[in-house]
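Colleague: What follows is a single structure, and I will ask about it in a moment.
Bear in mind these aren't lab numbers, they're just calculated from the coordinates by the rules spelled out. Note that the coordinates shown come from a computational prediction; the quantities given were computed from them, not determined experimentally. Please note: Cβ atoms are built from the backbone with ideal geometry, for glycine as well, and neighbour counts cover all protein chains shown.
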Number of protein chains: 2
Amino acid sequence: MHATSHQPTPAARQIAETLQLLEQHVPMQRRVVHAGDRLFQAGERFTMMHVLNSGLIKTINGSTDGRERVAGLHFKGDWLGFDGIASGRHRCDAVVIDTGEVWWFRYDSLMAVCALQPDLMAMFHAAMSREMAHDRDSMLALATLPVDARVADFLRGWVDTLAERGLRNDCITLRLTRAEIGNYLGMTLESVSRALTRLASKSVIRFPEKGRRDIEIPEIGALDDFIETCTEAALAH
Amino acid sequence: MHATSHQPTPAARQIAETLQLLEQHVPMQRRVVHAGDRLFQAGERFTMMHVLNSGLIKTINGSTDGRERVAGLHFKGDWLGFDGIASGRHRCDAVVIDTGEVWWFRYDSLMAVCALQPDLMAMFHAAMSREMAHDRDSMLALATLPVDARVADFLRGWVDTLAERGLRNDCITLRLTRAEIGNYLGMTLESVSRALTRLASKSVIRFPEKGRRDIEIPEIGALDDFIETCTEAALAH
DNA sequence: CGCAAAGTTGAGCGTCCTCAAGCAGCGTGG
DNA sequence: CCACGCTGCTTGAGGACGCTCAACTTTGCG
């Protein structure tokens with residue numbers, strides 16, 4: 001069973017350490033946020049960084065001509081606001097999906113502290129680097145995987161995220177609609193629905209409840225196998 | 001005519017400033033690199049950051065099951081190596097496409113200097129943030145644009161990059177093959193070729209030479225119009 | 001209970017991919 | 001010098017994957 005390990009994972013330890021450093025050294029505020037709340041919006045002046053202590057937040061990236069896409073999903077320990085640093089303005093909306101606690105603090109305060117606390121600076125950079133690496137992997141999936149594999153890859157990503165944080169991950173609750181998932185994965189909501197049906201028919205996933213919001217994943221390895229099978233099938237004529 | 005302005009652009013000024021700060025404070029080495037050279041490879045231990053003083057470099061992101069994608073294209077002033085910070089290992093290959101000069105230096109040296117030079121730290125963060133914002137826009141294009149628009153968007157991005165740096169941008173020389181462009185944009189090389197033909201037939205672009213490596217862009221605005229037309233056409237049934 | 005929002009499933013169609021053929025540029029060697 | 005092969009590019013024909021449109025079911029909420 002691949003559920004909660006009772007030793008904190010390295011990632012969980014790192015998150016705890018980061019939160020502790022922030023708490024000790026950076027003047028900050030905490031806020032409980034609820035589904036629908038916005039931490040910031042595209043175009044607003046950037047001054048604050050946010051760190052998620054619990055809950056789930058999505059960022060939405062839009063273009064001038066009205067297209068938009070769910071750019072990222074953020075869990076406990078994730079930082080938000082990086083994309084505002086360069087231009088001094090936020091480039092996306094941050095919308096709360098599931099209730100949680102957000103810590104927020106001025107970016108310039110953080111920088112001042114970082115000059116004296118190399119460890120904190122390292123955590124900051126690591127968080128940013130991790131997000132870049134994650135984005136790269138998302139792009140790879142967008143560009144190279146057929147829809148079914150993309151959905152499977154998405155689920156694996158979610159599972160991994162939970163595992164890293166030492167959370168139970170044999171059964172996950174998507175708090176996103178099919179439309180949001182589809183938008184994130186560059187496909188329609190119908191395609192998401194069909195892909196899930198196919199995954200279930202091959203027993204890669206299972207729906208424990210009648211409402212198909214919860215997803216059980218008996219074997220994580222099966223997800224990877226499924227992804228490979230899809231890509232091979234695509235290559236073979 | 002939208003060619004070289006003889007005032008340095010804000011971006012060009014910022015690049016010059018960054019290079020100067022690095023030169024003054026960070027112990028570094030310079031190297032002339034040629035097409036085919038690799039700055040680093042996925043899996044290698046990360047210790048060095050790189051800054052491109054001239055030339056063109058692509059990064060390639062691969063997965064365990066053999067898929068790969070051109071993850072980014074890097075011009076003068078761009079930093080390389082961010083994705084290695086988190087894990088301590090590079091996550092992509094960096095391959096030189098066009099001859100240029102690379103400056104490289106230890107990441108830990110940079111950090112040491114940054115503690116004393118807030119300006120340099122700010123440039124470092126800005127570069128990282130800019131790359132994240134760019135990746136987000138790439139993903140938006142991948143997820144929401146039809147092939148023709150994606151190619152147009154790619155060209156516009158290239159043109160903008162040149163313009164920011166104060167370079168001539170009414171005629172660009174792609175130093176990538178159709179296959180590389182297609183890989184970057186999540187489509188086949190044939191689709192790239194067809195898209196370019198269609199763009200040319202609508203006079204959005206022009207091929208000055210017989211070998212269609214150079215592309216002339218009479219009106220940058222026409223690219224944006226073309227992109228919008230594509231997306232509207234897709235929406236209208 | 002009734003309405004709105006979310007999800008599933010099917011049929012038809014279009015975009016984009018696959019496969020294949022042909023052409024152009026270029027360096028090599030006979 | 002030209003034949004040759006190699007790589008890159010274009011163009012066409014056919015097919016598949018995923019989208020659109022539509023009907024229906026289920027869930028959630030006032």
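Colleague: With +1 on each Lys and Arg Cβ and -1 on each Asp and Glu Cβ, and nothing else charged, work out how big the dipole of the stretch A:79-159 is about its Cα centre, in Debye to the nearest 20.
Modeller: Magnitude of the dipole: close to 180 debye.
Colleague: Sticking with this structure for a sec: Which value, in debye to the nearest 20, describes the size of the charge dipole of the protein assembly as shown about its Cα centre when Lys and Arg Cβ atoms bear +1, Asp and Glu Cβ atoms bear -1, and nothing else is charged?
Modeller: 180
Colleague: Another question about this same structure. Rounded to the nearest Å, what's the spacing between the alpha carbon centres of the stretch A:40-118 and the stretch B:96-162? Just the number, please.
Modeller: Cα centroid to Cα centroid, the span is 19 Å.
Colleague: Report the label-to-label distance for B:Ala233 and A:Arg30 in nanometres (one decimal), using points 7 Å from each Cα along the Cα→Cβ vector.
Modeller: So the label points at B:Ala233 and A:Arg30 sit 5.5 nm apart.
Colleague: Measuring nothing but label to label, 7 Å from Cα along Cα→Cβ, what are A:Gly221's distances to the other copies in nm, shortest first?
Modeller: Spelled out, the distances from A:Gly221's label point are 6.1 nm.
Colleague: What dipole magnitude, in Debye to the nearest 20, does the stretch B:10-129 give about its Cα centre under +1 on Lys/Arg Cβ and -1 on Asp/Glu Cβ?
Modeller: Taking the Cα centre of the stretch B:10-129 as origin, the dipole is about 140 debye.
Colleague: Going 7 Å from Cα along the Cα-Cβ axis for the label, what nanometre distances separate B:Asp119 from the same residue across the other copies?
Modeller: 3.2
Colleague: How much mean residue ellipticity at 222 nm does the protein assembly as shown get from its helices, if each DSSP H run of length 4 or more adds -39500 (n - 2.57) and you divide by all residues, to the nearest 500 deg cm²/dmol?
Modeller: -15000 deg cm²/dmol
Colleague: Still on this model: Using a 7 Å offset from Cα along the direction of the beta-carbon, what are the separations from A:Thr9 to the same position in each other copy, nm, ascending?
Modeller: 4.1
Colleague: Using a 7 Å offset from Cα along Cα-Cβ at B:Arg206, what residues in the stretch B:161-189 end up with backbone N under 12 Å from the label point?
Modeller: B:171
Colleague: Say each of A:Thr197 and A:Asp119 gets a label point 7 Å from the Cα, pointing the same way as Cα to Cβ; how far apart are those two points in nm?
Modeller: So the two model labels end up 5.4 nm from each other.
Colleague: If you don't mind, there's one more thing I want to ask. If Rh is defined by the Kirkwood formula over all Cα pairs and Rg also comes from Cα, what ratio Rg/Rh do you get for the stretch B:133-206?
Modeller: 0.95
Colleague: Which three extents, in angstrom, do the Cα atoms of the stretch B:13-90 have along their principal axes, listed largest first?
Modeller: Ordered largest first, the stretch B:13-90 gives principal extents of 43, 24, 21 Å.
Colleague: Also, I was wondering about something else. Give the angle, between 0 and 90 degrees and rounded to the nearest 10, that separates the Cα long axis of helix B:118-144 from the longest principal axis of the Cα atoms of chain B.
Modeller: 30
Colleague: Residue separation times 0.36 nm, minus the C-alpha to C-alpha distance between A:Asp214 and A:Asp170: what's the value?
Modeller: Between A:Asp214 and A:Asp170, full extension yields 14.8 nm more.
Colleague: Relative to the longest principal axis of chain A, what angle (0 to 90°, nearest 10) does the C-alpha long axis of helix A:220-235 take?
Modeller: 70
Colleague: A further question follows. For B:141-154, what's the mean count of beta carbons from other chains sitting within 10 Å of each residue's beta carbon?
Modeller: Whole-number average of other-chain Cβ neighbours for B:141-154 is 3.
Colleague: While we're here: In whole angstrom, and with the biggest value first, how far do the Cα coordinates of chain B range along each principal axis?
Modeller: Taking the Cα atoms of chain B, the three principal extents are 56, 49, 34 Å.
Colleague: Right, next: Write down Rg/Rh for the protein assembly as shown, rounded to two decimals, with Rg from the C-alpha atoms and Rh from the Kirkwood relation over Cα pairs.
Modeller: Taking Rh as the inverse mean 1/r over Cα pairs, Rg/Rh reads 0.95.
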